[in-house]
1. From the list A:30, A:17, A:9, A:4, exactly one residue is of a type in the set (A, V, I, L, M, F, W, C) and within 14 Å of chain B (Cβ to nearest Cβ). Which is it?
2. With the condition kept exactly as written, say whether any residue in region B:33-48 is closer than 25 Å to residue B:156 by Cα and at pLDDT 95 or above.
3. Do the conditions hold for residue A:113, that is, is it at pLDDT below 95 and closer than 30 Å to residue B:100 by Cβ?
4. Among what's in region B:4-19 and is loosely packed, with under 15 Cβ neighbours inside 10 Å, farther than 19 Å from residue A:57 by Cβ and not β-branched (Val, Ile, Thr), pick the residue that is farthest from DNA strand C (Cβ to nearest atom).
5. Would you please name the residue that is farthest from DNA strand D (Cβ to nearest atom), looking only at residues in region A:19-32 that are modelled with pLDDT under 95 and over 41 Å from the mean Cα position of the chain (by Cα)?
6. Step by step: first the residues of region A:39-52, then only those that are assigned to a helix (DSSP H, G or I) and within 16 Å of DNA strand C (Cβ to nearest atom), then the one that is surrounded by the fewest Cβ atoms within 10 Å (Cβ to Cβ). Which residue is that?
7. Scan region A:291-309 and tell me whether some residue there is at positive phi, within 12 Å of chain B (Cβ to nearest Cβ) and polar (S, T, N, Q).
8. Can you tell me which of (1) touching a residue at least 40 places away in the same chain (Cβ under 8 Å); (2) facing another protein chain (nearest Cβ under 10 Å); (3) more than 13 Å from DNA strand C (Cβ to nearest atom) is the one residue B:62 doesn't meet?
2 protein chains.
Amino acid sequence: METITLKRIAGVLNLSISTVSRALKNHADISAETKRRVHELAETLDYEPNINAVSLRSKKNMLLGLILPSVSGFFYDSFISAVEEECSLNGYMLIVLQTSNDAQKEINSLKICRQNRMSGVFVCLSAQTSSMSAFDKFREAEIPLVFFDKVPDDNKYNKVCTDDEESAKLAAELILSKNKKNILAIFGDENLSITKIRFKAFQKIVALQKEVIIHNEFCSSSKNAREVSQKYFHSKIKIKPDAVFCMSDEILIGVMKTLQLHQIKIPENTSILTMSDGFLPKIYTPEITYIETSGYKLGKLAFTKMLNCVNGINDVNEVFTRSILVDGKTL
Amino acid sequence: METITLKRIAGVLNLSISTVSRALKNHADISAETKRRVHELAETLDYEPNINAVSLRSKKNMLLGLILPSVSGFFYDSFISAVEEECSLNGYMLIVLQTSNDAQKEINSLKICRQNRMSGVFVCLSAQTSSMSAFDKFREAEIPLVFFDKVPDDNKYNKVCTDDEESAKLAAELILSKNKKNILAIFGDENLSITKIRFKAFQKIVALQKEVIIHNEFCSSSKNAREVSQKYFHSKIKIKPDAVFCMSDEILIGVMKTLQLHQIKIPENTSILTMSDGFLPKIYTPEITYIETSGYKLGKLAFTKMLNCVNGINDVNEVFTRSILVDGKTL
DNA sequence: AGTATTTATGCAAACGTTTGCACAAATGTT
DNA sequence: AACATTTGTGCAAACGTTTGCATAAATACT
């Protein structure tokens, strides 16, 4: 099938290519009559501009990259969903690139973004990322970067995050307000900045209460969380925790397995509070009380920031989504 | 920052653009020495070809589209994950487009794919899609389409599916083999072809057993499934189903809520069998027995088919992933 | 009627590649 | 020594747009 180009339309109407081009963009120079004819023909021939030619000429495109460890997960799918929605609304296309938490693949993905001269890139760091040099080099290409969720420590980058500090603080306060005295707090991978922040904030609050016993654990997976929680809820343990705090869905899954296996009643025998986007907590019965860390909201926020970057009206900074408590029946 | 082009390299080395271009692709015409010099300089200058120019010239690109109702879901995230993995391995980029089950957005997404002259498009139909005309028109653009999961009935299209018929049949046989006599079978949205197929196959098997009571239900959401299952497990019901079949994760979630609320013991009071990619069944305790419908496998399969299409070595047909029983403790 | 201004259109270069063809120099063949 | 072939390189067109500038025709101003 012959492709329809400006040239083709120009040929049919006996106009020059430039006139057709301008007519299609309703340029003031072109007469009403000509515009009408051009639009009409373009419509019937189903003309669609060649994006490659446009991008080549204008040195701009409508591509946004999204680099993250994995699409499938507890949180990222809704983040992607939100970002894609906004892309669609604003005429951008979203390219998804997974790193599998592999630093080399992360660098490759960056390269792809650069090669394609994307207008901007969202990045959630892989757990393996040790150096930011590839990202710094990337910035020279003048392509804005917006980090989300797993972000670099340095604040010379644009970051959007759930307010981890606020959330963890809120979590600690809530648990204490219920007069819990023997708390098991399970956090994620120790290397991640998100873990550090949540841990520190949580700690800061509970440490104020001298009479409260607090057990801190760090887990890298659901399975790991299951094993670790086992130690505290094993049948031989006489005094079991009266509250468990889970830093994430991943942790929650492991903990719940243990509790269910040992037939620990919730909230009678122990309370639970988790941080989550809300899907998993509602699966369980009773529904788990959680502090919402919405991937969806974060996605919207990240897109807004990206748009500002692209339009050059952005201050480099870190912005947060607000934390909300969603009441289940478990605290 | 000045961008590095062939022209630039040519200028520095006092060569023509065409020589540089050929040298970089190790064309046989170019002398070893020249190749060396060109490669070296390209390396140090960090040359990266302008994809837009390449695509414009070659009329090809490495973009694949993925149109589906929503990124976030029970199944799609792992499908996307698999497809992206393969894309990355094969030098393609994946563009994700959500339809929110809106027919108009679906058409828009198709348009975007056409405008960008993508090399191929994966499609999971929205629940609202009533006409295939937009897709047929699309085929004229000679862009291969590979449908997955929610596919059109007509077999003039390329389709990759979990083997719904086989899976549902397997499910029915399994339940019967356990001597269940009062079965509740809950299916998804009645309009979807996937529902029709699963229902029909399931029915065909159980109908052979005259002495078995079978209750069929169709639900459009988890909430709906919860309400519907309520009718069968309400405390006033004397004879409750001794087995429940759930067509999908969505259904399972609703059913489990009901069972847990009414403290129905599994598998003592009732058995459960579901179809799932495996994530959710393993969340519950005991872990739910399921027939695996792997989004991941399906993604791999879809990509293989797409590659064949793109390379023109494809017969239009429908291919299936194999169904596997994964033993939990609930049947 | 002559000049200035407006209106509508076209020319041609540019974006960065790829590639058929031409060509000059080097080498091989009689 | 004359010719044929191989080897290495460059020219220029093409892909489909956009856009500064030139220009022709129509209108307005003295």
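The values are calculated or read from the model by the stated rules, or taken from the named source; none is laboratory data. Just so you know, these numbers come straight off a predicted model, no measurement behind them. For neighbour counting, all protein chains shown are included, and Cβ atoms are generated from backbone atoms with ideal geometry for every residue, glycine included.
1. Every option except A:4 fails the conditions.
2. no
3. On the way: at pLDDT below 95: yes; closer than 30 Å to residue B:100 by Cβ: yes.
The answer is yes for residue A:113.
4. B:14
5. Selected residue: A:32.
6. Top of the filtered list is A:40.
7. no
8. So residue B:62 meets the others, but not (3).
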